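So the structure is just underneath, and the comments pick up after that.
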Amino acid sequence: MQAAPVRATAIPSFTDALRAVESLLMSGGQRTARRNAWTSVLEDRRRAKDRVEVQRFLEQAAGRS
């Protein structure tokens with residue numbers, strides 16, 4: 001008796017599923033705009049984190065003087 005072949009199909013991730021739904025609901029321009037907006041949000045968060053780190057550094061440096 002021969003064993004049944006095993007299928008190696010990957011289960012799509014949650015992100016892949018969201019992108020599939022997004023592609024059905026939005027036109028290409030809307031998807032691009034949403035992704036650009038999200039990229040801007042992430043960049044703003046990175047800059048805010050950098051500002052906090054610089055401020056802490058400056059406060060520590062001022063305390064040592």
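So the values come out like this:
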| quantity | calculated |
| --- | --- |
| Added length on full extension, which subtracts the Cα-Cα distance from 0.36 nm per residue, PHE57 to SER27 | 6.2 nm |
| PHE14-VAL41 pseudo-label distance in nm [points 7 Å out on the Cα-to-Cβ vector] | 1.4 |
| Helical mean residue ellipticity (222 nm; -39500 (n - 2.57) per DSSP H run of 4+; nearest 500) of the chain | -26500 deg cm²/dmol |
| Shape of the chain, Cα gyration tensor, a/c cut at 1.5 | oblate |
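Throughout, read-outs are computed from the coordinates displayed, never taken from laboratory work. Since the structure is predicted, the reported quantities are computational estimates derived from the model, not experimental observations. Ideal geometry is used to build each Cβ from the backbone, glycine not excepted, and the neighbour counts take in all protein chains shown.
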